[in-house]
Amino acid sequence: MGETARVLRVGKGVAAIAGFSELRAGELVAFPGGLHGMATDLDGREAGVVLLGPSDEIREGAAVRRTGRVADTPVGPALLGRVVDPLGRPLDDLGRIDAAARRPVDRPAPPIMHRAPVSVPLQTGIKAIDATIPIGRGQRELILGDRQTGKTSVALDTILNQKDTGVVSVYCAIGQRAASVVRVIATLRDAGALKRTVVVVAGGEDAPGLQYLAPYAATAMAEAFMEHGTDVLIVYDDLTRHARAYRELSLLLRRPPGREAYPGDIFHIHARLLERATRLRPEHGGGSLTALPVIETQAQNISAYIPTNLISITDGQVFLSPALFARGQLPAVDIGRSVSRVGGKAQHPAYRAVAGDLRLAYAQFEELETFARFGTQLDAETRRTLERGRRVRAILRQPERDHLSVAEQIAVLLATTEGLLDEVALERCAEAERAIRQRVRRDPDGLAARLATEAPLARADREALLDGLRDALASAGLVDRAGGDHGHP
Ligand SMILES: Nc1ncnc2c1ncn2[C@@H]1O[C@H](COP(=O)(O)OP(=O)(O)O)[C@@H](O)[C@H]1O
Ligand SMILES: [Mg+2]
């Protein structure tokens, strides 16, 4: 490998080189000053190289060396609590990383025979999602919405909710402003979650090659945990910017542009990435990799090229609505437009019983509400449905960083769907929720502990729980002692 080549042309992000007799696709080449590039477009003697850093120092005619290596990254527990670039170089000030091993960033997805069905829930701690769009470990669930609709917030809350679950997280920031990334890191640190998270950053100012590589590198780091039996959560924030970086590289490399000027293989590069999310059979490590890719839509257009692709690649989507956001219905999850195609099988059984009808009932309520706006005369039954729906909506509101345990969620949802809140004034529903959660946390009758187990909710337990919750609401002065069933004294 003693040969050298020369730089023919250099642009922002890519270079053309010539002179090597043989060069493998994906091989790293080294420029003077230590900058690396990834050989991609091999065409006879000439090769297109994606630069993995700033190109300012490279001149035409400069000498280039082969390395015989492909792009790789350190992996292992030493990365936890660290902020690194896609090549695993520290971006924090915690010194060098003593990683046990390195892995290529681009690896084939586990074969089908190694994969186990999704059957364990990944709790987000967010009622609207856990109840109506449950996510399972090993699933790929897209988070999509316009800018400033709470996408990052949902992803972050999901990471923070893994505090006591043993799930390790990888947060991969792609193309974001530095200030946004700093905020995310501060949130993770303040919540004590950074120590079980790896943060991989390729910022908007970084070379497009690094932004392109970031999610693959982050996935390689996540896979190493998964193969040791750990459940891992990975967030790609976001793949819209990833697609843009790839488009920029492709245009610079003069590949033919296709729809929306994206190169023809843009679908393939995202599919190849997300195929790596899975749950492994015990004999193949037994861990899982749950992927939450984020994409940003423009004016809610989900039929644009990148959203369409990613919707078809993933197992469902959490759709965040700017209209709900503007109305203060936070998190702004549009339940009607969101779906989880595999998570239902993983949902907690006690949950399924209470949350099962919620989705449908809520959709019917929204329809009815629109209809009721026309000032139509409403019968008592319809008025009750509307009042119930409004309470469901109130209960689905949730501030950021305020996670509910499984038991708390089941109690709150059960109280709502069983009509315990019907007598509570709408503006006091948040208070009612607090009273219910307090009761569950105190757990005077040991019921909450049973709620959190794998067993479905037994009938007697359900009645006892409801009695306890009625009592809690009455003690808080939110309903009459007699309870909602018996009307007013
Ligand atoms: N459930 C929520 N309650 C209150 N504020 C929220 C909630 N979700 C998001 N926000 C706020 O909305 C803003 C936008 O959220 P962010 O997650 O950054 O949006 P996006 O990633 O979609 O651009 C942030 O200031 C965030 O704190
Ligand atoms: Mg964001």
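The H on the amide N of Gln139, modeled in the peptide plane, is under 5 Å from the matching H of Ala291, each at least 5 residues off or on a different chain. For Leu233, nonlocal amide neighbours, meaning residues 5 or more places apart or on other chains whose placed amide H falls under 5 Å from its own, are Val168, Ser169, Val170, Thr290. Distance between the C-alpha centres of the stretch 290-316 and the stretch 80-104: 30 Å, rounded to the whole angstrom.
Scalar couplings 3J(HN,Hα) for the stretch 137-149, obtained by applying the Karplus form with A = 6.51, B = -1.76, C = 1.60 to θ = phi - 60°, are 5, x, 8, 10, 10, 7, 10, 10, x, 5, 5, 6, 10 Hz; x denotes Gly and Pro. Measuring spread by the Cα atoms of the chain yields a radius of gyration and Dmax of 25.8, 94 Å.
The gain in end-to-end length when the Asp164 to Arg384 segment is fully stretched comes to 75.3 nm, 0.36 nm per residue minus the alpha carbon separation. Using the 1.4 Å probe convention, the accessible area of the chain works out to 44 Å² per residue with neighbouring protein chains retained. With respect to the chain, whose longest principal axis is taken over its alpha-carbon atoms, helix 178-190 is tilted by about 50°. For the stretch 1-104, GluC sites (Glu not before Pro) meeting the loop criterion (DSSP other than H, G, I, E, B) and having at most 10 other Cβ atoms within 10 Å: Glu22. Distance between the C-alpha centres of the stretch 377-397 and the stretch 332-355: 21 Å, rounded to the whole angstrom. Length available on full extension from Ile97 to Ala455: 0.36 nm per residue minus the Cα-Cα distance, which gives 124.5 nm. Helix 429-442 and the long axis of the chain differ in direction by around 90°, with both axes built from C-alpha atoms.
For the stretch 73-347, the antiparallel share of DSSP beta bridges with both residues in that region comes to about 30%. Across the stretch 1-106, C-alpha contacts under 8 Å between residues 6 or more apart give a mean separation that, scaled by the residue count, equals a relative contact order of 25 percent.
Each label was represented as a point 7 Å from its Cα along the Cα-to-Cβ direction; for Ala186 and Ala372 these points are 4.2 nm apart. Couplings for the stretch 410-418, taken from phi via the Karplus curve 6.51 cos²θ - 1.76 cosθ + 1.60 with θ = phi - 60°, read 4, 5, 5, 5, 4, 4, 6, 6, 8 Hz in order; Gly and Pro are left as x. Fully extending the segment from Gln438 to Asp56 would add 131.6 nm, taking 0.36 nm per residue of separation and subtracting the current Cα-Cα distance. Take each peptide in 168-178, 393-403, count the other Cβ atoms within 10 Å of every residue, and average; sorted highest first, the result is 168-178, 393-403. Roll a 1.4 angstrom probe over the protein heavy atoms and tell me the percent of accessible area of the stretch 353-486 that is carbon or sulfur. Answer for the stretch 353-486: carbon and sulfur cover 49 percent of the accessible area. For the stretch 67-77, putting each phi into the Karplus relation 6.51 cos²θ - 1.76 cosθ + 1.60 with θ = phi - 60° gives couplings of 10, x, 10, 9, 4, 9, 8, x, 9, x, x Hz, in residue order, rounded to whole numbers and with x for Gly and Pro. In a DSSP loop and with at most 14 other Cβ atoms within 10 Å, there are no trypsin sites (Lys or Arg not before Pro) in the stretch 264-315. Only helices enter this figure: runs of n ≥ 4 DSSP H residues, each worth -39500 (n - 2.57), summed and divided by the residues of the chain, yield -11000 deg cm²/dmol at 222 nm to the nearest 500. For the stretch 353-486, a crude dipole built from +1 on the beta carbon of Lys and Arg and -1 on the beta carbon of Asp and Glu, taken about the Cα centre, is about 280 debye to the nearest 20.
Going by alpha carbons, how many degrees (0 to 90, nearest 10) lie between the helix axis of 239-252 and the longest principal axis of the chain? Approximately 20 degrees, to the nearest ten.
The H on the amide N of Val70, modeled in the peptide plane, is under 5 Å from the matching H of Leu28, each at least 5 residues off or on a different chain. For Pro257, neighbours were defined as the other residues whose beta-carbon sits under 14 Å from its Cβ, and their charges (Lys and Arg +1, Asp and Glu -1) total +2. Descending by average beta-carbon neighbour count within 10 Å, the peptides 469-481, 295-307 line up as 469-481, 295-307, the highest first. The peptide list 363-373, 246-256, put in order of mean Cβ contacts within 10 Å with the highest first, becomes 246-256, 363-373.
The values are calculated or read from the model by the stated rules, or taken from the named source; none is laboratory data. All of these numbers come straight from a predicted model, not from anything done at the bench. Every residue, glycine among them, receives a Cβ derived from its backbone with ideal geometry; neighbour counts consider all protein chains shown. When the accessible area is computed, the model is the full protein with side chains, heavy atoms only, and any ligands, DNA or RNA have been set aside. Shrake-Rupley method; radii C 1.70, N 1.55, O 1.52, S 1.80 Å.
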